[in-house]
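One structure is given here, and the rest of the page talks about it.
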Amino acid sequence: MPHGLLSLWDMINFSLSSFVIHYRALEWYEITTNSDVNGYNVYRDTHKVGLFISGIPKTDAVPEHKVIEIKQLLALLGNDCNFLELDATRNRIDRFQQNLRPTITHNKMLGELRVLRETMEDEIKERHFYYYPTLKAPVLINVEDDWVNVFQAFPSTKLDAISAVDCFAFGQDTACVFHLMRVAEYGLRALARERRVKLPKKQMLEWADWYTIIESIRVSVKELANTKRGPKRDAALEFYQGALGKL
């Protein structure tokens, strides 16, 4: 879910905690591999007692257990990259995995680790997150529960309703009103369909403006007021007149 609401807890547990742990592990493997490359082989002299340093950098293959560990780390980093849309790093991981053969040398491994780390550092600088104020964040977090009745009655309003609440929490009040007007419009047109209103000049309901639709509904409600008195008519008039007043 690269776009949408992320709580600070989500960020800490995934994009920060998980990512930092994996990044530190990558650093650790780079440091230890660098030590292997620039360290020295130790051998036992057959003519003298004790161990001696050869002075020749290690160029032999990386131990199998280390290759397996790095493969596992790359898989975890790949998941992080998918979440944070780190495409360049993801591509670098894919190439690293292709080169990660049992015969890979310490020197080759060091180069792969270093390039991957640098790619990750460069790309993560371009990722940003928005912090929702503590007083507004709950409104967005609880949107599914707060709007459940609306979503059940008008499923098509869900995208605009959530966008409205998100804009409110984001501090974009004008955009919030825009989306709320669209939500209200679903109800307006549904009301017009339910009353089977006839629009002037044979206009299509989907393209008619608010004023035209409201006035057409008002004519229909006046016709309802002229029907036989009774509790059903009174309840209907109360509902439609109240809806018209709000619209």
When segment 126-137 is checked residue by residue, the ones that are within 18 Å of the chain's Cα centre (by Cα) and exposed (fewer than 15 other Cβ atoms within 10 Å of the Cβ) are E126, R127, H128, F129, Y130, Y131
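Residues in segment 209-225: is at least one in a loop (DSSP other than H, G, I, E, B), free of Cβ contacts under 8 Å to residues at least 40 places away in the same chain and either of a type outside the set (D, E, K, R) or in the same structural domain as Q152 (by TED's automatic domain parsing) (or both)? Give the steps one after another, and end with the answer.
If we filter segment 209-225 for residues that are in a loop (DSSP other than H, G, I, E, B), which is where we start, we get 209.
Retained after the next criterion (residues that are free of Cβ contacts under 8 Å to residues at least 40 places away in the same chain): 209.
In the following step, the residues that additionally are either of a type outside the set (D, E, K, R) or in the same structural domain as Q152 (by TED's automatic domain parsing) (or both) were identified as none.
Taking every residue of segment 209-225 in turn, none turns out to be in a loop (DSSP other than H, G, I, E, B), free of Cβ contacts under 8 Å to residues at least 40 places away in the same chain and either of a type outside the set (D, E, K, R) or in the same structural domain as Q152 (by TED's automatic domain parsing) (or both).
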- Item | Verdict on A75 being loosely packed, with under 15 Cβ neighbours inside 10 Å, more than 30 Å from A169 (Cα to Cα), modelled with pLDDT of 90 or more and in contact with an Asp or Glu (Cβ under 6 Å, 6 or more places away or on another chain) | no
V148 meets each of (1) in the same structural domain as A236 (by TED's automatic domain parsing); (2) surrounded by fewer than 14 Cβ atoms within 10 Å (Cβ to Cβ) with one exception, condition (1)
Query raised in the report: over 30 Å from T89 (Cα atoms), of a type in the set (F, W, Y) and free of Cβ contacts under 8 Å to residues at least 12 places away in the same chain - does that describe any residue in segment 128-147?
Result: no
Restricting segment 86-103 to residues that are crowded, with 17+ Cβ neighbours inside 10 Å and among the aliphatic types (A, V, I, L, M), the one nearest to the chain's Cα centre (by Cα) turns out to be L86
D166 passes all but one of the listed conditions (1) closer than 30 Å to R95 by Cα; (2) outside any loop (DSSP other than H, G, I, E, B); (3) touching a residue at least 40 places away in the same chain (Cβ under 8 Å); the exception is number (1)
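The values are calculated or read from the model by the stated rules, or taken from the named source; none is laboratory data. Predicted, not measured: the structure shown is a model, and the values here were computed from it. Note that we place each Cβ from the backbone using ideal geometry, even for glycine, and neighbour counts take in every protein chain shown.
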